[in-house]
Structure formats: structure tokens, C-alpha cells
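This report concerns only the one structure given below.
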Amino acid sequence: MPEGQGMRPGTYCEPKMTSVGSQDTTGPMTRDELKDLACLGFSADLVMQSFCHTAAYPKPVDVKTHHTLPEFISTRGGVSLRPGDGVIHSWLNRMLLPDTVGTGGDSHTRFPIGISFPAAPAWWPSPPPPA
């Protein structure tokens, strides 16, 4: 469908993800998946990695993640927050626009504006017409 004409019920749609959020407890799993997919760069406008869940009381494995995950994200064009920079929800809320589509690995990367499909497939059926 041409840009600006909207969606019709039953239309197949592959939305362009403009933002992707990843928080620190799922970040290592995300990194492993991206390595398996041979990901060399991100196509979303914003890919953000946070360390908000393990910054206060990090275990040894968390300290290792704090040192290795930022480079992995940044070399692929993403933005990596530092431990202590704040909660990813707050950052995403400040940086997203209402008409964009974002996703994340779990409920920690949700946001109240735009459309968010945490852990949803790349396709998403349009809703049925109003009754």
C-alpha cells in the first residue's frame, strides 16, 4: 500500500522497527542470538542497551557483561548506556515518537507511546474492522 494511505483489515504488514531496546539481564542472550545470525549492523534507527537491573549490586558475571556488551552493541551501530545511567524505560520514553514502531526482548523494554510488540514475530496481522 502506498505510504500515507494507512492499513486495511487483513493487509499483510512488515513494520519497520525504528527502535529496539535491550536490558542487561537479557542482553547476553540477545548478543548470543545476534552472533548466531552473523549480525554486523543494526537497521533500526535506535538500538539501545541498558544496564539498569544489575548496576547497583552486580555479580561477577554482571561485571564481565558491563565490560563486554557495550562494545558489541556500539560496533554494530547501537547505543550502550553505562551502569548507573538510569532505567531503560525512561530513556526509551524520551527518545521515541508516537508514530513509530519499537520492540524489545521482554517487558522491561516496553514504552507507552507508539506501538510496541515485545517478543512478537516480525509479522503482525492488522486488527479486524470496527463493528
**OP:** Answer yes if at least one residue in the range 9-21 is in a loop (DSSP other than H, G, I, E, B), under 19 Å from the mean Cα position of the chain (by Cα), of a type in the set (Asp, Glu) and closer than 18 Å to Thr103 by Cβ, and no otherwise.
**Re:** yes
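Just the residues that are without any contact (Cβ under 8 Å) to a residue 24 or more places away in the chain and of a type outside the set (A, V, I, L, M, F, W, C), please, taken from the range 29-44. I'd like the intermediate steps shown before the answer.
At the first step, the residues of the range 29-44 found to be without any contact (Cβ under 8 Å) to a residue 24 or more places away in the chain are 32-33, 35-38.
Matches in the range 29-44: Asp32, Glu33, Lys35, Asp36.
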**OP:** Filter the range 45-57 for residues that are within 18 Å of Met17 (Cα to Cα) and either aliphatic (A, V, I, L, M) or outside any loop (DSSP other than H, G, I, E, B) (or both) and give the result.
**Re:** Leu46, Val47, Met48, Gln49
Original post:
Mind checking which pairs have a first residue in the range 72-84 that is of a type in the set (Gly, Ala, Ser) and a second that is in a loop (DSSP other than H, G, I, E, B), Cβ under 6 Å, 6 or more apart or different chains?
Top reply: Gly77/Gly41; Gly77/Phe42; Gly78/Phe42; Gly84/Ala55
Subject >> Selected residue (only one of Val47, Val20 is free of Cβ contacts under 8 Å to residues at least 40 places away in the same chain, crowded, with 16+ Cβ neighbours inside 10 Å and β-branched (Val, Ile, Thr)) >> reply: Val47
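If you scan the range 23-37, which residues turn out to be basic (Lys, Arg) and either buried (at least 18 other Cβ atoms within 10 Å of the Cβ) or modelled with pLDDT under 90 (or both)? Please lay out each step first, then the result.
Taking the range 23-37 and keeping what is basic (Lys, Arg), we get 31, 35.
The one that is basic (Lys, Arg) and either buried (at least 18 other Cβ atoms within 10 Å of the Cβ) or modelled with pLDDT under 90 (or both): Arg31.
Here is a yes/no grid of residues against (1) of a type in the set (Gly, Ala, Ser); (2) modelled with pLDDT under 85; (3) on the phi > 0 side of the Ramachandran plot:
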site: Cys39; (1), (2), (3): no, no, no
site: Asp45; (1), (2), (3): no, no, no
site: Thr65; (1), (2), (3): no, no, no
site: Glu71; (1), (2), (3): no, no, no
site: Ser74; (1), (2), (3): yes, no, no
site: Gly86; (1), (2), (3): yes, no, yes
site: Gly104; (1), (2), (3): yes, yes, no
site: Thr109; (1), (2), (3): no, yes, no
site: Pro128; (1), (2), (3): no, yes, no
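Matching residues to (1) within 17 Å of Val101 (Cβ to Cβ); (2) in a helix (DSSP H, G or I):
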residue	(1), (2)
Thr25	no, no
Leu40	no, no
Ser43	yes, no
Pro70	no, yes
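The values are calculated or read from the model by the stated rules, or taken from the named source; none is laboratory data. Every value quoted in this text rests on a predicted model; they were computed, and no experiment measured them. Cβ coordinates were reconstructed from backbone atoms using ideal geometry, including for glycine residues, and neighbour counts include every protein chain displayed.
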